[in-house]
Amino acid sequence: MHLVGASAILDIPVLGRFTLPWVPARRPPEALVLRDAILSGDDDTDLTPLVNACCQARVPFRAELLGDGDLWRATPVVGEKPRWQRNRELLPIANRAGQAYSLDGRDSGTVLNYGEVLGRSFYFKAEGSFARAAVSRGATRCPVDFTVLVTRGGVVVGGVPLLTSAISGDGYLRCLYLDEDIRIFESPKDSPDKWEEAGLIVVQVRDGLFADPLDGEL
C-alpha cells in the first residue's frame with residue numbers, strides 16, 4: 001500500500017458552497033471492500049478509487065458514529081506520510097494508531113490521538129477538543145468540517161503518562177465519509193507541530209473489528 005498525491009482523489013465536494021445533486025442515503029458497496037482490504041492487511045488493493053467512491057456518496061453525517069468514544073485505527077491513503085505513521089513503522093511489530101472521539105454535545109466533544117511505537121509499552125497520545133466549524137453549520141451530509149484544539153500530548157511509558165501542554169495548538173478536520181465501520185478524514189491544514197500535513201486523507205476502521213483489538217484504556 002502506498003500513499004498518493006491529493007490530486008488522485010477527484011471530485012470531492014468540500015465546502016458546500018454550491019448545489020450538488022441529492023444522493024441516496026446508503027452505504028456504497030466500495031465501503032465494504034475498503035473496510036475488508038484494511039482489515040486483511042491487503043497491500044495489493046488500490047484504496048484510492050474506493051475512498052473516492054465513498055466520498056462522492058455524500059452520506060448523511062451521523063454525529064453518534066463520530067463520537068462513540070472508541071478507538072478507530074487509521075490508515076493513511078493520500079498525501080505525505082504523517083509522523084504518527086512513521087513512528088508506527090519504526091520497529092517491525094504490529095503497532096496501532098488512531099483516534100477516539102467522544103461527544104459532549106451535538107456538534108462538539110473531546111478527541112484523543114493514539115500512536116504506538118512499542119505496542120502498549122511505549123506510545124504517543126494527545127488530548128484535545130473539537131467543534132463543528134462555522135462553514136459546516138447546518139450541514140446534514142458529508143463533508144463536514146471541524147475545528148480541533150490539542151491541549152496536551154506526550155508519551156506513555158509502561159503505563160505512566162508523560163504529557164505536557166507544550167504539545168498543543170489548533171487544527172482542522174474534514175469528515176468526508178462515515179458509517180458504522182469506517183470513516184474517512186481529510187486534514188485541510190497542517191496540524192500542530194506538523195504531525196499531519198495539509199492534504200492528508202486517512203481511512204479509520206473501528207478497532208473492535210480487528211483480530212487484535214486494543215485491551216485496556218487509551
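The values are calculated or read from the model by the stated rules, or taken from the named source; none is laboratory data. The structure displayed is predicted, hence computed values, not measured ones. We place every Cβ from the backbone using ideal geometry, glycine too, and count neighbours over all the protein chains shown.
Within the stretch 172-186, the set of residues being farther than 16 Å from Arg141 by Cβ and surrounded by 22 or more Cβ atoms within 10 Å (Cβ to Cβ) comprises Leu173, Ile182. Taken over the stretch 82-99, residues that are in contact (Cβ under 8 Å) with a residue 60 or more places away in the chain, crowded, with 20+ Cβ neighbours inside 10 Å and not in a loop (DSSP other than H, G, I, E, B) amount to 3. Of all residues in the stretch 55-68, those that are farther than 22 Å from Glu196 by Cα and either assigned to a loop (DSSP other than H, G, I, E, B) or modelled with pLDDT of 95 or more (or both) total 7.
Within the stretch 110-124, the set of residues being buried (at least 19 other Cβ atoms within 10 Å of the Cβ) and under 17 Å from the mean Cα position of the chain (by Cα) comprises Val111, Asn113, Tyr114, Gly115, Glu116, Phe124.
Among the residues making up the stretch 46-60, those that are out of contact with any helix residue (DSSP H, G or I) (no Cβ under 6 Å at 6 or more places or on another chain) and surrounded by fewer than 17 Cβ atoms within 10 Å (Cβ to Cβ) are Asp46, Pro49, Pro60.
When Arg152 is tested against (1) under 25 Å from Arg86 (Cβ atoms); (2) basic (Lys, Arg); (3) in contact with an Asp or Glu (Cβ under 9 Å, 6 or more places away or on another chain); (4) crowded, with 17+ Cβ neighbours inside 10 Å, just one condition goes unmet, and that condition is (4). Would you confirm whether any residue within the stretch 159-173 is closer than 20 Å to Phe130 by Cβ, assigned to a strand (DSSP E or B) and under 10 Å from the mean Cα position of the chain (by Cα)? Within the stretch 159-173 (the criterion being closer than 20 Å to Phe130 by Cβ, assigned to a strand (DSSP E or B) and under 10 Å from the mean Cα position of the chain (by Cα)), the answer is yes, since at least one residue qualifies. Specify which of the listed residues (Asp36, Asp43) is surrounded by fewer than 17 Cβ atoms within 10 Å (Cβ to Cβ), at pLDDT 95 or above and of a type outside the set (S, T, N, Q). Answer to the check: Asp36. What do you reckon, is Gly199 touching a residue at least 24 places away in the same chain (Cβ under 8 Å), on the phi < 0 side of the Ramachandran plot and small (Gly, Ala, Ser)? Spelling it out, it is not the case that Gly199 is touching a residue at least 24 places away in the same chain (Cβ under 8 Å), on the phi < 0 side of the Ramachandran plot and small (Gly, Ala, Ser). Residues in the stretch 101-118 that are more than 14 Å from Gly153 (Cβ to Cβ), in contact (Cβ under 8 Å) with a residue 40 or more places away in the chain and part of a strand (DSSP E or B): Leu103, Gly109. With respect to being more than 16 Å from the chain's Cα centre (by Cα) and either crowded, with 16+ Cβ neighbours inside 10 Å or closer than 22 Å to Asp207 by Cα (or both), Gly138 falls outside the description. Does the stretch 71-81 contain at least one residue that is assigned to a helix (DSSP H, G or I) and either among the β-branched types (Val, Ile, Thr) or out of contact with any Leu (no Cβ under 8 Å at 6 or more places or on another chain) (or both)? Scanning the stretch 71-81 turns up no residue that is assigned to a helix (DSSP H, G or I) and either among the β-branched types (Val, Ile, Thr) or out of contact with any Leu (no Cβ under 8 Å at 6 or more places or on another chain) (or both). Total residues in the stretch 72-84 satisfying the condition of being under 11 Å from Gly115 (Cα atoms) and at pLDDT 95 or above: the figure is 2. Checking Glu186, Glu180 one by one, the residue that is part of a loop (DSSP other than H, G, I, E, B) and at negative phi is Glu180 and no other.
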